[in-house]
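Read the structure below first, then the notes.
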Amino acid sequence: MSLLDETVALLDDARRIYAGSELADVIDDLGTRLAAPLRVAIAGKVKSGKSTLLNALVGEQLAPTDEGECTKIVTWYRDGHTYQVLLVPHEGEPRQVPFVREAGSVEVDLGDTAPGDIERLDITWPSQQLRDVTLIDTPGIGSLSTDISDRTWSFIRPDDDDTPADAVLYLMKHLHAGDLDFLATFHDTEVSQPNPVNAIGVLSRADEIGVGRLDALGSANRIAARYRRDPRVRRLVQTVVPVAGLLAESAATLTEDEYRALVVVADRTPKETEEALLSADRFVDTPEIALTSLERAHLLDRFGIFGVRLATMLIRREVVANARELSAELLERSGLDEVRELLRTLFLQRRDLLKSRSALFALDRLVGEHPVPGADALRSDIERVLAGAHGFAELRVLSSLRAGQVTARDEVVKEMERLLGCNGAAPARRLGLDDDASRAEIETTAKEALAAWRRRAENPLTQHDLQVAGQVIIRTLEGLLTDRT
Amino acid sequence: MTPPTTPDSAAQTVVDNALRACSAFGREDLMARLESTNAALAGDAAHVVVVGEFKQGKSSLVNALVAATICPVDDDIATAVPTFLREAPSPRAEVVYADDLDPEIPTAELVGERIDLNDLHQYVTEHRALDRNLDRTVRAVNIWLPRRILAGLTLVDTPGVGGLGSAHNTPTMGALPLADAVVFVTDASQELTRAELDFLHRAHDACDNLVVALTKTDLYPQWRKIRDLDEDHLRRAGLDVEILPISAPLRVRAVQGDDRELNQASGYPALVRFLADRVVKAAQRNAQRNAGVEVSAVCDQLASQFSSERSALADPERAQAIVDDLTETKVRTEALRSQAARWNQTLGDGIADLVADVEHDYRGRTRMLLKECDAAIDNSDPADTWSEFEPWLSERVSREVLENYRFLQDSAATLSALVAEHFQDASGEVLDQLAIHNPIPIMGSTTIDATVDTEKPSAAARGFTALRGSYMGVLMFTMIGSMVGVALGPVAIGIGVIMGRKTLREEKQRQVANRRVQAKNAVRKYTDEVTFHVNKDSRDTLRRVQRQLRDHYSARAEELHRSTTEALKAANLAAKQLESDRAKRIADIDAELARITSLRDMAQSLVVGSAK
């Protein structure tokens, strides 16, 4: 029986026990959630570029972005057949509200409802990119308007409910100590250690780290690599990647007009371009560039100084020859492709595990808070699944590794992380093979690894913790060998 | 190092004249007093502290200001130790290590190890500052540059507030009360955050000469909107602070190409004006005022010895009465400089009380903190939270230490004012008595009031000055040094991976309880250790305050005693003077008194002029 089936069975049990009570609806919701796409929240400090990244991931300008603080309400973006916006208030029935799509982004008419009374906005938007994942945009933390921050906190650390998100992309500008506290709120207490399993760190606004210089992304990569090595960051997120959100968003939505305008800018000598791009104000005020100042301001708005510098350089050096190529090149350089890849390998490939995990924790808490006859038996069943399911055992070993409780040589730790699915949950990824590796290759490699790990686990000199962890790895490898799907 | 000449020659001339007068009348004791006034006039550079969050462009701002790449700028690594920039004829740099620190010496005068300016980045950035060898940890960097803009200034580039695992922001806060001006740096990428505004609030409380520099305006086309939003936030927070938008790359380019227009666009001229008008000039006015007050006081002392003599000469009948009065006054001045003097006792008792009060205050804070820690530990599993707990605790502890030092500073200032008052009461009577015999009222009642008025704050500020040298030293370095030395021990996490079914929950609970006990013990050990260091530091500081105050007022008492003795001697001589010589001597004395009076008028006009 798969984990998902076991979870569904437990939910059925719960439904029976609580039949007729007000909790029945909540349990039904948990069931619906299991079947729905994975929920990924985009969280982070105020102005870290959450909405921008969301737009880039969807490839459309949906979430409004602005220089000031912009996102004030938790907003869900999910796939569907029609375009519609649902307002879910804290009290009362959800209702549909009118919206317009202005200058690209979706502007919702809230009517007389104060933002504080709204639990969330639920936007249904037919989109290929939202098919497998529902994205959740959150207001920033560290906001000057206290209640905006509170809204994010209550979303991520609700007082009486489990987190509505299954996984989270945590955006950080250059990291602050405060960021660590924030990440810690994602840690559940059930799997006893903090869990780097459902969080990816994104070093956002990467272009600004190098104050817009052309090598800015190189700097951002170095910084992200340093954070990846930092043990305190490692125990909170699985990995850290840099992304230049503005660049990604604009590249994903680049228009032919914009491309033509960039060609005009690139038409001048490198020296002249450099002079003009010395500051934003100067660029807008350089009449020698054959564009209106409105057009120049629009370019800056969309690409930033860094984006204009990079795009004109790419055009001048003839790296790209049309809008499509420019868009692809900018997307790759912005780091967005990597974020997408991580979403796929780390979250989507183990979506069943993540969703079951959310559901079981929620159910466990629910049952614990509402003791009725039969609840104790249900709780021990939940615990049996949590303790017994191999997927959760893997997560526990991974957390222990990241928290430094299981220690081994660096290369052994790296191998363990890989086998546990840190580079992707697919068998080839776990074994460190190419994605197109044949079944035979996979089996050979898995057998070799299995033999090595059996020796290690049986060796009396191996530390106890590593032995226990080794047993889990052995089961993982056995699973890879028997799993034919 | 020769102090740079200040344009403030009027004050200088007055002090020099007073020095010549003291020398002529053989009053070396008064000369010593004026020498220190002179030094203050010439060299007391105003401290401008540049603060802001991590990676907002503080070092770039400092570099662009002095038009040289001095403070290392890196995309990733941030400044970790404070850098002090001052003016000198030729550029040089020194590094101050932890073991060079001496709380008796103000940081500005610490002698460090001479280094090459080009190697600076090795010393001030994060990696080097976290050296395991604590004695060789870099604590500060002093840089001298031949730049006119630095005249009369000390520019302090501080480590950013925030940053991964840095408990460095509290000393930055601690340096603020002593800053003459604060430049708060925030970049144009976003509006002010709550943390920044909180910081601004506290900074404004500590030093109201504050300006916000909005950096990187070249990079963000929307900087005007950000500025407007920031202005809004500041207004709503009730902070009357100016925002100066600036761009370092534009300034650098402008200086390279000598481009006046570009320089204007960079926004730096406004910052330079702020430094010149609101910082340097203000500091000079202050020094000028002090010079005026000191010279007036010296003039009063000089005049006193002549005035009694003149009275005795003018009215021989009363000569004996005057001598008797002066003899009595002499007894008083003797009492004033003795151990038993009221001011001296106030000081001694006050310091003893203060030591106890300050320690009690800290103990109270620690107790509250421990309660908070226990609650936090009971609400979480130390295995989850320990790595975050440690920086949190060290930050919380340093905040308590800072508050405790504030308490110390306030109490010391109050005590200093009290001592000043007691001294003033006693010495005022003496001065009045000397003045009774003054036939020509050189000290009109109005000017006496002015003297008392102006002298008082400067006497009360005495304790503060005593702290000033030590405060920077103690807070910025010693305190954090002792805290860096104290480590919060690890909490053994126990068996990490638990596999199994039934006992999972119970076993976990048992381990968590065990970890909590360990964590609480570690916290107690840590706070004990810190308390030990803090108590020692505050005792040392208070003792230093006591010594400085005692030396100051002893010297004043000594001067008064000397003046009285001289006056008595002169009065005695006058009584024996022959009739024929009297008229001539009176004319001489009147001439001397007239000179002193005119000097005093000049000094008073300095005081009045500086008030404008």
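List of remarks:
- Of the GluC sites (Glu not before Pro) found in region A:279-380, those in coil by DSSP whose Cβ has at most 11 other Cβ atoms within 10 Å are A:E288, A:E318.
- Here the calculated FRET efficiency for B:D590 and B:R224, from their Cβ-Cβ distance with R0 = 60 Å, stands at 0.30, rounded to the nearest 0.05.
- For region B:559-600, backbone nitrogen atoms closer than 16 Å to the point 7 Å from B:E28 Cα along Cα-to-C-beta are found at B:559, B:562-563.
- Those lysines that a straight Cα-Cα span of less than 30 Å connects to A:K271, excepting residues fewer than 8 apart in one chain: B:K55, B:K58, B:K216, B:K225
- Between B:G52 and B:V161, B:V185, the built amide H atoms are under 5 Å apart, and every one of these is 5 or more places off in sequence or on another chain.
- Estimated inter-spin distance, A:E256 and A:A290, nm [label 7 Å along Cα→Cβ]: 1.9
- Of the chymotrypsin sites (Phe, Trp or Tyr not before Pro) found in region A:1-102, the ones in coil according to DSSP and having at most 16 other Cβ atoms within 10 Å of their Cβ are A:Y83.
- Between A:E91 and B:F532, the modelled label-to-label distance comes to 5.8 nm, taking each label 7 Å out from Cα in the direction of the beta carbon.
- Estimated from helical segments only, the mean residue ellipticity of chain A at 222 nm is -16000 deg cm²/dmol, where each DSSP H run of four or more residues counts as -39500 (n - 2.57).
- For chain A, taking Cα atoms only, Rg and Dmax work out to 24.6, 81 Å respectively.
- Under 16 Å from B:K330, Cα to Cα: lysines that are on another chain or at least 8 residues apart: B:K569
- In this label model, A:V319 and B:E242 are separated by 4.4 nm, measuring between points 7 Å along each Cα→Cβ vector.
- Under 5 Å from the amide H of B:C207 lies no amide H of any residue 5 or more positions distant or on a separate chain, with H modelled from the backbone and absent for Pro and chain starts.
- Of the GluC sites (Glu not before Pro) in region B:517-612, those whose Cβ has at most 12 other Cβ within 10 Å and which sit in DSSP loop: none
- For a straight C-alpha distance cut-off of 23 angstrom, the lysines reachable from B:K520 (same-chain residues fewer than eight places away being disregarded) are B:K371, B:K508.
- Which of B:M368, B:M602, A:M172, A:M416 has the fewest Cβ neighbours within 10 Å, and the rest in rising order: B:M368, B:M602, A:M416, A:M172
Laboratory data are not the source of any read-out in this text; all were calculated from the coordinates shown. Being a predicted model, the structure only gives us computed values, none of them experimental. Here Cβ is always computed from backbone atoms with ideal geometry, including for glycine, and neighbour counts include all displayed protein chains.
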